Amino acid sequence: MTVYLDCNATTPVIKDVADLVYKMMVDEYGNAGSRTHNFGADAKKAVEKARGQVANVVDADKTEVIFTSGATESNNIAILGLEPFGLEHNKKHIITTKIEHKAVLEPIQHLEDKGFDVTYLNVGESGCIDIAELKSALRDETMLVSIMHVNNETGCIQPLADICDALNCHDAFLHIDAAQSFGKFNAELCNRRIDFISASGHKIHAPKGIGALVMRKRGFLKAPLTPIMFGGGQERKLRPGTLAAPLIAGFGLACEIACKHAEQWQQNALSLKASLVTELDKLGAQYNGENVSPFVLNFSIPEVNSEAAMVVLKGVVAVSNGSACTSKSYTRSHVLIAMGLDDKRIDSAIRMSWCHMTDELPLVQLINKFKQLM
């Protein structure tokens, strides 16, 4: 039986979550926008309960949560939705990093093509930004700082507390892509200096196709976002369309469960990771990145090509060598390139990621397969 080790791409759905989604699809299938009968009222009640469950993850108010199809859409709303504000107030400078997900880099590139100026922060081999570089990059006209909390390829955790401190005396909006950290590393995400948080349900054991954008108010002022889609007044007029009430309810329950078990899940992940590192050390593995999430390990074994390794590992483990969003054709990881790794190390890089549902790793089989390629 193949052991699934690609949880950074997507996680299995918790049974209680799947049961709730099924129940709402089959038995409680009302449209949350329908006001004339109990089916609609019950669906709306389920949505609002989930809104509160999502908000609780980061100590937000439920009115600060809008539901989206996932972190990609949330990122686009947070970034592109600020364009009119930037133009009106002549704040056309954006700061991001070279290791962001394409769902951040491409919307920012779109604004850059339209005349916005973008500073791309460097990372060294650690995979983490230099706070001094962030501070020096800030300008009076800086509108937005957008930084991923936990990198999807390496698991490197950016220093959110220091990032927030660096912006305390600046009015730039701070957007955090928390797809890999929402429900797992919540304490730093509770910082009120963070204006926007993007999350995906399928990274924390909810179904695919649901996510959220947390938009914190500054005092009593709402974030000056404008919609990037049109066709209805749902979700505070920022995200039109019929709400996917079953998926939303499942996402909410997954958030509640994740918060309740976060510490236990981290300890389980650390144990799995330690056992893997012990065995990989014997093969001379190099580990890509520092200050890494316990749920992922990105490593390179000298002279072992990752594409060849994934072929050999089929039937043993399901792994990847980069982001699922760019896996249709192999190109060297922009994240590992930005970290300054050489081509051989990048071509050898493999990402393994797990969750609390991962009972154990097939270490003997793994090591034997790697040895076949050495």
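Any read-out appearing in this document is the output of simple, stated calculations on the displayed coordinates, not a laboratory observation. Since the structure is predicted, the reported quantities are computational estimates derived from the model, not experimental observations. Neighbour counts run over all protein chains shown; Cβ positions are idealised from the backbone, glycine included.
What's the local net charge at Pro159, with K and R +1, D and E -1, over the other residues with C-beta under 14 Å away?
-4
Looking at the chain only, what percent of DSSP beta bridges run antiparallel? Nearest 5 please.
Percentage antiparallel, nearest 5: 50.
Tell me what the chain gives for mean residue ellipticity at 222 nm when only DSSP H runs of n ≥ 4 count, each as -39,500 (n - 2.57), the sum divided by the residue total, rounded to 500 deg cm²/dmol.
Dividing the helical sum by the residues of the chain leaves -11500 deg cm²/dmol.
Can you sort Val123, Val364 from fewest to most other Cβ atoms within 10 Å of each residue's own Cβ?
Ascending number of Cβ neighbours within 10 Å: Val364, Val123.
Give me Cys259, Cys7 sorted ascending by neighbouring Cβ count inside 10 Å, so fewest comes first.
Arranged by neighbour count, lowest to highest, Cys259, Cys7 become Cys259, Cys7.
Local charge sum around His149 (other residues, Cβ-Cβ under 10 Å, Lys/Arg +1, Asp/Glu -1)?
-1
Take the alpha carbon atoms of the chain, find their radius of gyration, then divide it by 2.2 N^0.38 Å using N residues; give the quotient.
The reported ratio for this selection is 1.01.
Could you state the number of Å between the C-alpha centres of the stretch 29-48 and the stretch 131-180?
Centre-to-centre (Cα) distance: 38 Å.
Can you give me the C-alpha center-to-center distance between the stretch 206-275 and the stretch 63-128, rounded to a whole angstrom?
Rounded to whole Å, the Cα centres lie 18 Å apart.
Past the 21 angstrom mark, what percentage of all C-alpha to C-alpha distances in the stretch 1-108 do you count?
Everything past 21 Å amounts to 60 percent.
Show me 268-276, 72-80, 57-65 ranked by packing, highest mean number of other Cβ atoms within 10 Å first.
72-80, 57-65, 268-276
Which lysines, if any, have their Cα less than 21 Å from the Cα of Lys45, not counting same-chain residues under 8 positions apart?
Lys23, Lys62, Lys237
Sorting Asp19, Asp281 on the 10 Å Cβ count, fewest up front, what's the list?
Asp281, Asp19
Just order 100-107, 144-151, 177-184, 219-226 by mean Cβ neighbour count inside 10 Å, highest at the front, would you?
So the order, starting with the most tightly packed, is 177-184, 144-151, 100-107, 219-226.
What aspartates and glutamates does Lys282 reach when the alpha-carbon gap must be under 17 Å and sequence neighbours fewer than 8 apart in one chain are set aside?
Excluding near neighbours in sequence, the set is Glu303.
Residue farthest toward the positive end of the dipole of the chain, with Cβ of Lys/Arg at +1 and Asp/Glu at -1: which of Asn268, His149, Cys255?
Comparing the listed Cα positions along the dipole, Cys255 ranks first.
Indicate, rounded to the nearest 5 percent, the antiparallel portion of the DSSP beta bridges found entirely in the stretch 151-255.
If I count the DSSP bridges inside the stretch 151-255, around 65 percent turn out antiparallel.
Using the beta-carbon distance between Asp113 and Asp140 and R0 = 30 Å, what value does 1/(1 + (r/R0)^6) give for FRET efficiency, to the nearest 0.05?
Once rounded, the FRET efficiency stands at 0.85.
Work out the length of the dipole vector of the chain about its Cα centre, built from +1 on the beta-carbon of each Lys and Arg and -1 on the beta-carbon of each Asp and Glu, and round it to the nearest 20 debye.
With only Lys, Arg, Asp and Glu charged at Cβ, the dipole is about 840 debye.
Mean-square fluctuation check for the chain, GNM, Cα pairs under 10 Å: which of Asp140, Asp117, Asp130 is largest?
The residue with the greatest mean-square fluctuation here is Asp140.
Work out which helices of the chain, taken as complete DSSP H runs, extend at least 20 Å along their axis over the Cα atoms and score a mean Kyte-Doolittle of 0.0 or more, then list them.
Helices passing the filter in the chain: 245-281.
So which aspartates and glutamates can Lys49 reach, going by Cα to Cα under 19 Å and dropping same-chain residues fewer than 8 places off?
Counting by Cα, and skipping residues close in sequence, Lys49 has these aspartates and glutamates nearby: Asp16, Asp19, Asp27, Glu28, Asp59, Asp61, Glu64, Glu235, Glu256.
Can you give the charge dipole size of the stretch 1-97 about its Cα centre, rounded to the nearest 20 debye, using +1 on the beta carbon of Lys and Arg and -1 on the beta carbon of Asp and Glu?
For the stretch 1-97, the charge dipole is close to 160 debye.
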